[in-house]
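Input: a single structure, listed below in structure tokens.
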Amino acid sequence: MSMRSLTVVVLCLLALMSLGCQDGPRPRSRLGTYPTPTLGAPYSNPQKLGQHGYLFSLSEQNGIVYTCRGGHIDLAHLRIAADWTKYLTDKTYRHLMEGDTRFSYKLAVDRSRHFVELSYPSDWAQRPNEQRRAAAEEVAAALGPHLAFYLTTWHEILTWFGYKCVGLPTAFSSAFSWEDSYSNLLGTHLAVRALQDSEHSFNEAMTIALREEIDRLGPVPADAAKQATRQVKGDWFTGSSLFSVDIIERNFDIGLEDGEVSPTRLPDAEPCKDATAVSYPAPTLDILARHGFYAKLEIEPREWEKNAILAVAYPDAEQRRKRVEPAVHFPPIMEHIRKDAIRRYGRDFADQRRLSQRR
């Protein structure tokens, strides 16, 4: 849909930060935005991104930054995913050290609950505490970004199926907008880097990592970025403000085909001639087997849209369950979404990776 209130945009994008329980302080909320150069969608100065703030920051800058090698990046989405990565890494580590076999978490606005089931090596309880800590740190470091990326991806899936935040009009137009998944994944990578930085606090390490990575991706000044993006109005988006924007260009690449997520870059952007795209690998759990662990993630949708999603995940109604297993069901769900996008927009989104690499 094309007409939405600013309130809907704020509530639905902030839902990504609404987790909280006894596992440390909650990551704070931030305002996401569209990548369009329209009224109410800020473009940030890539040289002045401010201090990252897990809980609070007066100087932190959010909005859109355009980079030659990574396309549009939503800084709020990036920071949200980064903080979720830290939160879920810490949460996983605590459960591992306590020997818990399962834990769960959810977003405050999304009703879906995410369940993690853990299997331990047979000698886990007999291992020296120092060995257990070392193994738990490595396993948690792998699970944290993995769970955070699936968490943010699930929110995109919900909104594609028409999820209405707290009963307000749907935020369908923001689902898998062309910068979302890439920004989310980049946030998990930067969080992993920041968590490995033993010389700085997480906020300081994130500030450094973000500045370095944006520089590597080739940032474009805000005015030039907005001007370049205006060239795709009518093709990639319509509307002139946050109240009327409709996103046409989507990026459904979540790493299912080759394990990497590639950016959607502006075609023939003048500041970026001959720049090559940078793709990032989706988080994997390969390291778990090395330590004798196994983890299974399931998501139980509890929104009104759950029946439509479960029908795609389980075409056979007699075998339908209440939970979605991302490793098994995300491929058919994403294929359904691609076909739905083609039906809606009359364009082929199935070849997104090759298109993005060519741009």
Residue 173 being surrounded by 19 or more Cβ atoms within 10 Å (Cβ to Cβ) and at pLDDT below 95: yes
Selection count where residues are buried (at least 19 other Cβ atoms within 10 Å of the Cβ), assigned to a helix (DSSP H, G or I) and out of contact with any strand residue (DSSP E or B) (no Cβ under 8 Å at 6 or more places or on another chain), scope region 206-252: 5
Some residue of region 69-84 being outside any loop (DSSP other than H, G, I, E, B), of a type outside the set (Gly, Ala, Ser) and within 19 Å of residue 295 (Cβ to Cβ): yes
Among the residues listed as 133, 69, 94, 79, the single one being out of contact with any strand residue (DSSP E or B) (no Cβ under 6 Å at 6 or more places or on another chain), within 25 Å of residue 158 (Cβ to Cβ) and not aliphatic (A, V, I, L, M): 79
Sole exception among (1) hydrophobic (A, V, I, L, M, F, W, C); (2) more than 20 Å from residue 326 (Cα to Cα); (3) surrounded by fewer than 22 Cβ atoms within 10 Å (Cβ to Cβ) for residue 73, by number: (3)
Exclusive hit being loosely packed, with under 12 Cβ neighbours inside 10 Å and either without any contact (Cβ under 8 Å) to a residue 40 or more places away in the chain or under 27 Å from residue 36 (Cβ atoms) (or both), set 320, 343, 338, 265: 343
Residues of region 85-100 satisfying the condition of being surrounded by fewer than 20 Cβ atoms within 10 Å (Cβ to Cβ) and either touching a Ser or Thr at 6+ places or on another chain (Cβ under 9 Å) or part of a strand (DSSP E or B) (or both): 95
Residue list for region 271-287, restricted to those being surrounded by 12 or more Cβ atoms within 10 Å (Cβ to Cβ), β-branched (Val, Ile, Thr) and out of contact with any Gly (no Cβ under 6 Å at 6 or more places or on another chain): 284, 287
Residues of region 100-134 satisfying the condition of being in contact (Cβ under 8 Å) with a residue 60 or more places away in the chain, among the hydroxyl-bearing types (Ser, Thr, Tyr) and over 19 Å from residue 287 (Cβ atoms): 105, 112
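The values are calculated or read from the model by the stated rules, or taken from the named source; none is laboratory data. What you are looking at is a predicted structure, and each value in this text was computed from that prediction instead of being measured. Cβ coordinates were reconstructed from backbone atoms using ideal geometry, including for glycine residues, and neighbour counts include every protein chain displayed.
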